[in-house]
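A.B. asks: I am attaching a structure below and will ask some questions about it afterwards.
Quick note: the coordinates plus some simple rules give every number you see, no bench work behind them. Everything numeric in this text was worked out from a predicted model, so none of it was measured. Counting neighbours? That spans all protein chains shown, and the Cβs are built from the backbone with ideal geometry, glycine included.
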Amino acid sequence: MKMKKKICVVTGSRAEYGLLFPLIKEILSDKDLVLQLIVTGMHLSKEFGCTYKEIKNDGIKIDCKVDIDLGSDTPEGISNAMGLAMIGFAKAYKKLNPDMVVVLGDRFEIFSAVTSAYVAKIPIAHLHGGEVTEGAIDDAFRHCITKMSYLHFTSAIEYRNRVIQLGESPNRVFNVGAIGLDNIKNLKLLTKSELEKQIGFVFGKKNLLVTYHPVTLENNTSKAQFKNILDALDKLKDTKIIFTKTNADTYGKVINKMIDGYVQKKPSKASVYASLGKLRYLSTLKYVDAVIGNSSSGIIEAPSFKVPTINIGDRQKGRIKADSIIDCSPNKKEISKAISKIYSKSVSNKLKHIVNPYGCGQAAKRIKEELKRKIVRGISLKKEFYNNK
């Protein structure tokens, strides 16, 4: 009897789960594969919405929970969480004995999950390697994850080339595009009235979606930079604002507290959500005038809706960007100038012809097929450094 291959997918945040969802569904539908799901990080935190419940609501079994204590977002607190994560993942892998671990991105809890898997000699498949975010500590985590991973699935050809530049063999690096675009292609998005009813928000004449994360390679800039954003938003007339809260990054709590304070003072103008979930978030993207902040979603998903993004500061510096992205510095004057630009005729005309450089949404099936081909029990993880002369 042919033994099924066990693929262990790790997720630590609402956004990451949304991106991995198409691959999870592909694995579940394949008779030769068994899905193992480990949830960690923000999924298990009340502060971040206990989003593991969204996974259960999707009818997906959670095999293990690795609680890493996100009570503190100081550098010491993050390091403590990473240590707890490594211990928890070591236990989870021993219990599940997967044939391969699949991870996405660059966050600290994913770095810990990969480190434990690597020590346990479990092959690792990494999505979204080779990218650059110069303003975040995630940049270094991502490249470290690349060096510990056996298979690589990149979102653009330039990123595939960078993974190879890091010494990974080309026959293990596959450019499949951004997996998050699969959701845009496959999900039936909510109508505006359905969305309004579900999130308790009534769209206005103008509407903006704001997500801003700390620039973790800068020292204590979160409060000052986000105040500039709020000051610029406050000047807007006939504009309603949807805030989504930050990830569990260093000093992210500062931003979340400022959002809560702003929404409490201006409830008719702004609403805040710890987690919209993949369907409601993508549906929101469809109906807003622009995305504002420094989230990767504004870079990767928003162009597929032909919605402009105001990308503030350096967190996403280095990423490939569509022509719909408007970069600006984190000061009030520049932010206000960028907001006025999104309503200009020149930007409106440009949006009609936007092509998303991250593909068209057919990544999950390609990833699954490569996983099936490459997973071999007892595979040697020894890798020679590929020197492309």
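A.B. asks: Whole-Hz ³J(HN,Hα) for each residue in region 19-34, computed from phi via Karplus 6.51 cos²θ - 1.76 cosθ + 1.60 with θ = phi - 60°, x for glycine and proline: what do you get?
C.D. replies: 5, 7, 3, x, 6, 4, 5, 5, 5, 4, 7, 9, 5, 8, 10, 10
A.B. asks: How many angstrom lie between the C-alpha centres of region 53-89 and region 131-155?
C.D. replies: 20 Å
A.B. asks: Could you quote the convex hull projected area for region 190-351, Cα atoms only and averaged over all directions, in nm²?
C.D. replies: Numbers: hull surface 35.3 nm².
Averaging across all directions leaves 8.8 nm² for the Cα convex hull.
A.B. asks: Under a 5 Å amide H to amide H cut-off, with H placed in plane at 1.01 Å, what residues pair with Ile68 once short-range neighbours are removed?
C.D. replies: Gly41
A.B. asks: May I ask you to list the lysines whose Cα is less than 17 Å away from that of Lys321, ignoring any residue fewer than eight positions away on the same chain?
C.D. replies: Within the straight-line cut-off, Lys321 pairs with Lys306, Lys350, Lys352.
A.B. asks: Rank these for me by crowding, Arg142, Arg280, going from fewest to most other beta carbons within 10 Å.
C.D. replies: Arg280, Arg142
A.B. asks: Here is a follow-up. Between region 179-203 and region 20-38, what's the alpha-carbon centroid distance in Å?
C.D. replies: 24 Å
A.B. asks: Here's a follow-up. How big is D for region 90-224, in µm² s⁻¹ as a whole number, if Stokes-Einstein is applied with the Kirkwood radius of its Cα pairs at 4 °C and 1.567 mPa s? Write out the running numbers ahead of the final one.
C.D. replies: Working: Rh = 17.5 Å.
The calculation lands on 74 µm²/s.
A.B. asks: Additional query: Report, to the nearest 10°, how far helix 138-148 tilts away from the longest principal axis of the Cα atoms in the chain, using its own Cα long axis and a range of 0 to 90°.
C.D. replies: 20 degrees
A.B. asks: With a cut-off of at most 14 other beta carbons within 10 Å, and DSSP calling the residue loop, which trypsin sites (Lys or Arg not before Pro) in region 329-378 qualify? Please list them.
C.D. replies: Passing both the DSSP loop test and the Cβ count: Lys352, Arg377.
A.B. asks: Can I ask one more? Tabulate in residue order the Karplus-calculated ³J(HN,Hα) for region 156-169, using 6.51 cos²θ - 1.76 cosθ + 1.60 with θ = phi - 60°, rounded to whole Hz; enter x for Gly and Pro.
C.D. replies: 7, 5, 4, 6, 4, 4, 5, 4, 5, 4, 6, x, 8, 5
A.B. asks: Quick one: 3J(HN,Hα) in Hz for region 255-263, Karplus 6.51/-1.76/1.60 with θ = phi - 60°, rounded, Gly and Pro as x.
C.D. replies: Coupling constants for region 255-263: 5, 4, 5, 5, 4, 4, x, 5, 5 Hz.
A.B. asks: Let me ask something else about it. Treat the count of other C-beta atoms within 10 Å as a stand-in for reagent exposure and order Leu187, Leu285, Leu23 from fewest to most. Don't skip to the end; give the middle numbers.
C.D. replies: Numbers: Leu187 15, Leu285 20, Leu23 26.
Least crowded to most crowded, the residues run Leu187, Leu285, Leu23.
A.B. asks: Give me Thr284, Thr115 ranked fewest to most by other Cβ atoms within 10 Å of their Cβ, as a rough exposure proxy.
C.D. replies: Thr115, Thr284
A.B. asks: With a sphere of radius 12 Å drawn around the Cβ of Ser348, what net charge do the other residues whose Cβ falls strictly inside it have (Lys, Arg +1; Asp, Glu -1)?
C.D. replies: Values: positive: Lys306, Lys341, Lys345, Lys350, Lys352; negative: Asp289.
With Lys, Arg at +1 and Asp, Glu at -1, the net is +4.
A.B. asks: Quick check: the angle from helix 363-374's long axis to the longest principal axis of the chain, C-alpha only, nearest 10 degrees?
C.D. replies: With rounding to tens, the tilt is 10 degrees.
A.B. asks: How much net charge surrounds Lys286 when only other residues with a Cβ under 14 Å from its Cβ are counted (Lys, Arg +1; Asp, Glu -1)? Let's see the in-between values first.
C.D. replies: Values: positive: Lys185, Lys188, Lys192, Lys278, Arg280, Lys306; negative: Glu194, Glu196, Asp289, Glu301.
Here the count lands on +2.
A.B. asks: Would you please give the residues with an amide H less than 5 Å from that of Val272, counting only those at least 5 places away or on a separate chain, with H modeled from the backbone geometry?
C.D. replies: Placed amide hydrogens put Phe243 under 5 Å from Val272.
A.B. asks: What is the set of long-range amide H partners of Leu151 at a cut-off below 5 Å, with H atoms built 1.01 Å from backbone N?
C.D. replies: Amide H neighbours of Leu151, under 5 Å, 5+ apart: Ile124, Ala125, His126.
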